[in-house]
Amino acid sequence: MLNLASTSDLLRVTAGSASDIEVYCAWVDIAAAVITPGRNILASITTATTVTVSGTVPASTVRNITHLNITNNHASESCTVTVDVTDGTNTAELMSFTLLSGENMVFNEQGRWVHRDAQGAEYP
C-alpha cells in the first residue's frame, strides 16, 4: 500500500530514454467518511522525462495508490524506468528497473511489485 497524505505529495515516473512507456495509475481518496476512486491513464511517454502519475491530492485527504502499471510498448528499445514519491521538497526512489520491449512492472494493491515478460509471465 502506498499512501500520499499531503497536497504536495506526488507519485512520479521517469523514463530514462526515448521509448514508448505506457502508464496507468489507480487510487482511492479517503476524506473523512467519503471514499472516492480515481485513475489516470497517461499519454505514452516517448522521451526521457519525468511525469506525475497520481495528480494532486486534495486537502484533508489521504490518497491510497491501489495499482500502478508501467509497460514498455516499444517494438525493440529497452528503457530504464524510475518510480519515486516526493513531498515537494524531499524525494524517495521507490523502484528503478529496466523494461525490455513488451515488458511491464505492476505495483499492486498488496504493495507488491510484479515484473512480467513480454508474454505476461512473472519473473521470479
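The values are calculated or read from the model by the stated rules, or taken from the named source; none is laboratory data. Given the structure is predicted, the values throughout are model-derived calculations rather than measurements. When we count neighbours, we look across all protein chains shown, and the Cβ atoms used for this are built from the backbone with ideal geometry, even at glycine. In case anyone asks, the SASA skips ligands and DNA or RNA and just uses the protein heavy atoms, side chains included. Shrake-Rupley method; radii C 1.70, N 1.55, O 1.52, S 1.80 Å.
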Computed label-point distance, nm, for sites V51 and S76 using a 7 Å Cα→Cβ extension: 2.4
Percent carbon-and-sulfur accessible area, the chain, ignoring ligands, DNA and RNA, probe 1.4 Å: 51
Normalised contact order of the chain, rounded percent, pairs of Cα under 8 Å and 6 or more residues apart: 29
Net charge contributed by nearby residues that have their C-beta within less than 13 Å of T86 (K/R +1, D/E -1): -3
Largest to smallest principal axis extent of the C-alpha atoms in the range 1-65, angstrom: 43, 19, 18
Hull-based mean projected area of the chain, where the convex hull spans the alpha carbons, in square nanometres: 7.5
Accessible area (Å², 1.4 Å probe, nearest 10) - H67: 60
Förster-model FRET efficiency, 41 Å R0, A33 and N90, C-beta, rounded to 0.05: 0.85
Gain in span if fully extended, F97 to T7, counting 0.36 nm per residue against the direct Cα distance: 29.6 nm
Charge context of R116, other residues only, Cβ under 12 angstrom, K/R +1, D/E -1: -3
Rounded accessible area per residue of the chain, 1.4 Å, Å²: 51
Extension reserve of the L42-V106 stretch, reckoned as 0.36 nm per residue once the Cα distance is removed: 21.5 nm
